[in-house]
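The structure appears below as structure tokens.
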Amino acid sequence: MTKKIISILIILFYATSAQAASKLDIVKKNGELRVGTTGDWDPMSMKDPATNKYIGFDIDVMNELAKDLGVKVKFVPAEWKTIVAGITADRYDISTSVTKTPKRAEVAGFTATYYKYGTVPLVLKKNLKKFPTWDSLNNKKVTIATTLGTSQEEKAKEFFPKSKLRSIEAPARDFQEVLAGRADGNITSSLEANKLIIKYPQLAIVPDGGKNPAFLAMMVPKGDKVWNDYVSNWIKRKQTSGFFMTLEAKYNFKSL
Ligand code: KH2
């Protein structure tokens, strides 16, 4: 009996140690944290045209994570349409934040959430009477633009099943379609929408917004529990220490 238990324990020991090494060990061994980021999301990840360096809320987060891990950080350029593929193809160990969506969750892991935002539609101000509510945009005569590969592209299918949907490839943007009259509306985060209506006064936010809060998290390889737990616990620790609050103040960017 005891012999049997011992042999089971030996088998279990070898089975566990044969598992693929966690990113946590690999990152530490390589002395480098590879971070996938798009550099086009104000204020999360932006490429400074003057220096070609990445700046932003999430860039500060990743610099801090690398510092606490005792490794260097390397930002790997990514695009919205392939940001998930970069994780599955091991082009980077982690991504800067993305919206948690069911489609992405099928193939990638999400860390703990550290940011929440609302989604709102934008239309031309002169069309607000025609489109006073979200429901008025759900119509087969209406065209809604989103950016290819983003959570908004997924959300538009859910919010506006009757409308014509148009995916725009970055660096071109969905709201430009609205400005140019090629789409009636687009959907974006409430934060971006509030900045856009100042920059482009011809745009307006369709009310009854703040619908469907979205949750931001970093992506890590699916199934690497050790790495995901490590980063998620790090996030929780940094939330308690006030690190994220300081960043929100620095970027004037408040979580819901
Ligand atoms: S999401 C990020 O994770 N956005 O929600 C989308 O897909 C960010 C709107 C286009 C600017 C370029 C920022 C995509």
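We did not get these values from a lab; they are worked out from the coordinates using the rules stated. None of the values given here were measured: they were computed from a predicted structure. Cβ: placed from backbone, ideal geometry, glycine included. Neighbour counts: every protein chain shown.
Taken over the C-alpha atoms, the range 45-121 has Rg and Dmax values of 13.5, 42 angstrom. In this entry, the range 76-224 is assigned a mean projected area of 8.7 nm², taken as a quarter of its C-alpha convex hull surface. Three principal axis extents of the range 167-256 based on alpha-carbon atoms, in descending order, are 49, 30, 25 Å. Sorted largest first, the principal axis extents computed over the alpha-carbon atoms of the range 184-232 equal 49, 21, 17 Å. Of the trypsin sites (Lys or Arg not before Pro) found in the range 156-228, those that fall in a DSSP loop while having at most 11 other beta-carbon atoms within 10 Å are Lys162. Taking every Cα-Cα distance in the chain and sorting them into 5 Å bins from zero, the calculated P(r) comes out as 1, 6, 12, 16, 16, 14, 11, 8, 6, 4, 2, 2, 1, 1, 0, 0, 0 percent. Counting only alpha carbon atoms, the long axis of helix 225-241 and the longest principal axis of the chain meet at about 60°. Shape of the range 144-188 from its Cα gyration tensor (a ≥ b ≥ c, root eigenvalues): rounded if a/c is under 1.5, otherwise prolate when a/b > b/c, or oblate? Judged from the Cα gyration tensor, the range 144-188 comes out oblate (a/c at least 1.5, b/c at or above a/b).
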